[in-house]
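Take a look at the structure below.
The values are calculated or read from the model by the stated rules, or taken from the named source; none is laboratory data. These numbers come from a predicted model, not from an experiment. Neighbour counts run over all protein chains shown; Cβ positions are idealised from the backbone, glycine included. Ligands, DNA and RNA are stripped out before the accessible areas are found, and what is left, the full protein with its side chains, is counted by its heavy atoms. Shrake-Rupley method; radii C 1.70, N 1.55, O 1.52, S 1.80 Å.
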Amino acid sequence: MARRVVLIDGTASSRILLSSKLRAGGYIVDQAATEAEGLERISEHLPDAVIISDDSVPAPTQVAAILKSPPRPLSVPVLVIAPSGADTDEPSLADAVIPCPVNETLLMARLRSVIRVRDMEEELLLRSKTYRELGLAEAQAEFAVQGKVLCASAPDQRPFHLSASSANTWNWVRIDTVIATLDGCGPQDLVVLDLRGDLAAASTLSLLAELRCRTETRHACIFVVLPNGSEDLAAMALDLGASDIALGLPPPAAMTARVERLIKQKRRFERLRRQASDGMQLAITDPLTGLHNRRYAMSHLEAMCQRSGRSRRPFALMILDLDRFKSDNDTYGHAAGDAVLKAVAHRLQDNLRSVDLLARFGGEEFLVAMPETSETEAHTVAERLCRKVAETCIVLDDGRQIAVTLSIGLAVRGAAGADSATDVVKKALQDADQALYGSKAQGRNTVTISFRAA
C-alpha cells in the first residue's frame, strides 16, 4: 500500500513543490502550514513519516516531542529540512536532517531508510508485545555497556576526533582490510566507513552488502561518511543498508552524538530481537509443523487489529483447509497425513512475508494473518498459496506421491470503530470460515472472499 507522509511547511510554494516530488515517488501527502495543523493531520491519518521544514517552522519540536515521547506509542520517524547555511547537526528529536536546498534523490533515500527502520521496529514490538501478554517473555533490563565500534578508512585518511564523552571501544582499520578484520572479532555494534578520502567511494559502497551478510555485522548499525557534494552516493549508501550518512565530517560533539544514537538504536533492536527469540522458544507451538498454535494466533490477531485501528490500514485474515484430507489419511495412513501437513506448512511459509502470521489452527486447518494488506493484495496472495500447494505432489519417504490442494476463505478488516479488537477478530474469523465453506461448495482448490470484507 502507498506510504503516507505529513509535510509541514509554512511556505506555500515550497510545500507544493515538495509535495509534488513526494507524490511522484508514490507517497500520499497530507500538507500542513503549521505544527498545530500538522498534528491535526497526524490525528486524522497516522503517517509513515513526518517532514518538517525548519526554514518555515523555526522550532520544529512540538510534533517531534509528541511522536517521540515515552512510551512512543506512534513510532513515527521525523525528518527535518534545515535551511541553507544553518548548523545541520542532528537535533535529538529528529531521525534525520536534510540540508536545504533539498536534493530529491537524497530525500527519497532518507525517507525510505527511516520508514524501513520503523517497519522493522514495529514488527519486533508487535511480536514482543504478543509474547509478553501470553506470559511467555519478560521485559529485560538494559545495562549500560561499552559499544564495539569498527572504523574503516582509506590508508591516507587521518582518524577523526570525538568528544571526551565517547566511552566506546574503537578499532581503527584500513578499509581494504575491514572484511579480514571481522574474522574472530565478534559481533560489532557500529561500523563507520570513512570514505572522505576514497576516490573510488562508489565501488567501496559494495562493502555494505558484504557487511550485511556477515555474522559479526549483520545487525550492526553502519555509518557512512562521504565527501561533501556526494548526495547521489549518500542516497545509494542508504538504499544499500547504511543506517546513517554524513556529507563531510561533523564536528566532534555532533559526531559523538550520532555515534551514540546509532549504538542505542542497535541496542534497542537487539533487546527486541532477544525478547522475541526467547518468547518464541517458550511459546506453545504446534509440535508437528513448528508453527504457532491457535492460542498465540488469537492474541496476535488482536494486537494486529489494534494496530490497524491506529494506522487506519486494513489487515487480511485467511482460513486455509486441506481438501479431502480425511480421505488421504484413511488411504495412506496417519504418518503420511503428518508428512503432508508438514510439507504444506513449509510451502505456505515460503510464500508469505516475514511480517505475516502463519499458524496451525487445528486439524488440517491453517490461518494466515497479513497486516496492512488490501483485499486485492490478499486475494493475489491467497491464489498464489493455492497454486504453490497444488502444483507439486508431496513425496512420501516410501516414494508414494500425494496430490494436495487447498480451499481458502478470506476476510479483510479495517479500523475497529466502536467494536473491540476481540469482537472484530471474532467476526472476521466467522466471515473467513463462512467464505471457506463457499470455496468447498465451488469445488475446492479456490479462494472465496467474505461478502463483508472491507
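If a residue has to be part of a helix (DSSP H, G or I) and not polar (S, T, N, Q) to count, how many in the stretch 262-292 make the cut?
Of the residues in the stretch 262-292, 17 are part of a helix (DSSP H, G or I) and not polar (S, T, N, Q).
Scan the stretch 344-355 and give yes if some residue there is closer than 22 Å to THR130 by Cα and among the acidic types (Asp, Glu), otherwise no.
No.
One line per residue, one yes/no per condition, for (1) within 26 Å of the chain's Cα centre (by Cα); (2) open to solvent by 30 Å² or more (accessible area, probe 1.4 Å); (3) modelled with pLDDT of 90 or more; (4) not β-branched (Val, Ile, Thr):
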residue: ILE8; (1), (2), (3), (4): yes, no, yes, no
residue: ALA12; (1), (2), (3), (4): no, yes, yes, yes
residue: ARG15; (1), (2), (3), (4): no, yes, yes, yes
residue: ILE42; (1), (2), (3), (4): yes, no, no, no
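Would you be able to say whether some residue in the stretch 47-60 is over 23 Å from ARG116 (Cβ atoms) and either part of a helix (DSSP H, G or I) or at pLDDT 90 or above (or both)?
Looking through the stretch 47-60, none of the residues is over 23 Å from ARG116 (Cβ atoms) and either part of a helix (DSSP H, G or I) or at pLDDT 90 or above (or both).
Test of understanding: among PRO71, PRO99, which residue is within 20 Å of SER243 (Cα to Cα) and at pLDDT below 85?
Just one listed residue meets the conditions, PRO99.
Return the residues of the stretch 337-364 that are part of a loop (DSSP other than H, G, I, E, B) and either under 23 Å from the mean Cα position of the chain (by Cα) or charged (D, E, K, R) (or both); say none if nothing qualifies.
Across the stretch 337-364, the qualifying residues are ASN351, LEU352, ARG353, SER354, VAL355, ASP356, GLU364.
Going by the conditions given, is ARG295 over 22 Å from the mean Cα position of the chain (by Cα), assigned to a helix (DSSP H, G or I) and over 21 Å from ALA382 (Cα atoms)? Show your work before the answer.
Details: over 22 Å from the mean Cα position of the chain (by Cα): yes; assigned to a helix (DSSP H, G or I): yes; over 21 Å from ALA382 (Cα atoms): yes.
Answer is yes for this residue.
Can you list residue pairs whose Cβ atoms sit under 8 Å apart, with the first residue in the stretch 337-349 being more than 19 Å from MET318 (Cα to Cα) and the second being open to solvent by less than 50 Å² (accessible area, probe 1.4 Å) and assigned to a helix (DSSP H, G or I)? Count only pairs 6 or more apart in sequence or on different chains.
GLY337/PHE325; GLY337/ASP328; GLY337/ASN329; VAL340/PHE325; VAL340/ASP328
Take LEU288 and decide whether it is of a type in the set (A, V, I, L, M, F, W, C), touching a helix residue (DSSP H, G or I) at 6+ places or on another chain (Cβ under 7 Å) and more than 30 Å from ALA335 (Cα to Cα).
no
Quick test for you: out of ARG214, ARG274, pick the one residue that is more than 30 Å from LYS342 (Cα to Cα) and not acidic (Asp, Glu).
ARG214 is the lone residue from the list that is more than 30 Å from LYS342 (Cα to Cα) and not acidic (Asp, Glu).
Hey, among the residues in the stretch 22-40 that are assigned to a strand (DSSP E or B) and over 22 Å from the mean Cα position of the chain (by Cα), which one's surrounded by the most Cβ atoms within 10 Å (Cβ to Cβ)?
In the first step, residues of the stretch 22-40 are kept if they are assigned to a strand (DSSP E or B); the result is 28-32.
Okay, now just the ones that are also over 22 Å from the mean Cα position of the chain (by Cα), so 30-32.
Working: ASP30: 20, GLN31: 18, ALA32: 22.
Taking the candidates together, the pick is ALA32.
What about LEU367, is it touching a helix residue (DSSP H, G or I) at 6+ places or on another chain (Cβ under 8 Å) and either at pLDDT 95 or above or open to solvent by less than 10 Å² (accessible area, probe 1.4 Å) (or both)?
On the way: touching a helix residue (DSSP H, G or I) at 6+ places or on another chain (Cβ under 8 Å): yes; either at pLDDT 95 or above or open to solvent by less than 10 Å² (accessible area, probe 1.4 Å) (or both): yes.
So LEU367 passes the test.
Just checking, does the stretch 373-382 include any residue being surrounded by 20 or more Cβ atoms within 10 Å (Cβ to Cβ), touching a residue at least 24 places away in the same chain (Cβ under 8 Å), touching a Lys or Arg at 6+ places or on another chain (Cβ under 7 Å) and within 18 Å of LEU317 (Cβ to Cβ)?
Within the stretch 373-382, not a single residue is surrounded by 20 or more Cβ atoms within 10 Å (Cβ to Cβ), touching a residue at least 24 places away in the same chain (Cβ under 8 Å), touching a Lys or Arg at 6+ places or on another chain (Cβ under 7 Å) and within 18 Å of LEU317 (Cβ to Cβ).
Among the numbered conditions (1) farther than 19 Å from ASN445 by Cβ; (2) in contact (Cβ under 8 Å) with a residue 24 or more places away in the chain, tell me where LEU385 comes up short.
Status for LEU385: all satisfied but (1).
Which helices (runs of 4 or more DSSP H) sit wholly inside the stretch 111-214 and have at least 1 residues that are among the aliphatic types (A, V, I, L, M) and at pLDDT 85 or above?
Where helices (runs of 4 or more DSSP H) fall fully within the stretch 111-214 and carry at least 1 residues being among the aliphatic types (A, V, I, L, M) and at pLDDT 85 or above, they are 178-182, 206-213.
Which of (1) farther than 13 Å from ASP189 by Cβ; (2) modelled with pLDDT of 90 or more; (3) not aromatic (Phe, Trp, Tyr) does THR217 not meet, given it meets every other one?
Unmet for THR217, out of (1) farther than 13 Å from ASP189 by Cβ; (2) modelled with pLDDT of 90 or more; (3) not aromatic (Phe, Trp, Tyr): (1).
Go through the stretch 304-332 residue by residue and tally those that are open to solvent by less than 10 Å² (accessible area, probe 1.4 Å) and modelled with pLDDT under 90.
1
Being closer than 14 Å to LEU262 by Cβ, touching a residue at least 40 places away in the same chain (Cβ under 8 Å) and not charged (D, E, K, R): is that true of LEU247 here?
Considered against the rule, which asks whether it is closer than 14 Å to LEU262 by Cβ, touching a residue at least 40 places away in the same chain (Cβ under 8 Å) and not charged (D, E, K, R), LEU247 comes out as no.
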